[in-house]
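To keep things clear, I will list the structure first and then write my remarks on it.
Values quoted throughout were computed directly from the atomic coordinates according to the rules given, and no laboratory measurement underlies them. Here the structure is a predicted model, which means the values were calculated and not measured. Positions of Cβ are generated from backbone atoms using ideal geometry, with glycine treated the same way; all protein chains shown enter the neighbour counts.
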Amino acid sequence: MVNDSAWVRIQRTVRFSAAHRYHSEQLSEEENRRVFGKCNRPHGHGHNYRLDVGVDGPVDAVTGMVINLADLDALLKEKVVEPLDHSFLNYDVEHFAHIVPTCENLASWLWELLEEPVASLGNCRLAVVRVWESEELFAEVERGEGR
């Protein structure tokens with residue numbers, strides 16, 4: 001790792017469409033309907049998600065880049081877009097088989113999924129993951145103390 005004071009953040013955005021259903025196995029059917037409302041409908045509903053990924057690192061003196069965007073694009077396609085686009089998160093993503101696929105849980109899971117692979121792409125680190133479920137709602141996980 002290098003000196004944090006010389007770091008720059010670059011952000012990349014990708015999009016995917018996916019369906020989900022808010023339903024907790026720890027709640028009764030009635031409680032699920034009360035807590036999650038329309039989001040608990042048995043056949044789910046979909047969103048056109050936007051994922052913003054911020055990467056921090058020093059600007060390389062030779063390339064002028066924090067990270068090679070072609071490498072980051074390939075990683076995001078492999079880890080996010082290919083497996084999630086046109087999926088039903090509750091059924092197609094093992095992680096969400098027993099976890100409610102809220103925007104918050106999706107952002108946390110994507111952080112865990114991307115943190116190490118991003119760091120392996122060079123002298124950089126994952127700084128922020130922001131998942132937009134709609135134009136009015138996003139959840140964000142940001143590098144903080146201890147991360």
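Some notes on this structure:
- Taking the helices alone, the chain has a mean residue ellipticity at 222 nm of -7000 deg cm²/dmol, built from -39,500 (n - 2.57) per DSSP H run of at least 4 residues and averaged over all its residues.
- The largest-to-smallest principal axis extents of the Cα set in the chain are 59, 30, 27 Å.
- Cα centroid separation - region 54-92 against region 17-53, whole Å: 26 Å
- Principal axis box of region 1-76, alpha-carbon based, largest edge first, Å: 60, 24, 15
- Placing a pseudo-label 7 Å from each Cα along the Cα-to-Cβ vector at residue 112 and residue 24 gives an inter-label distance of 1.7 nm.
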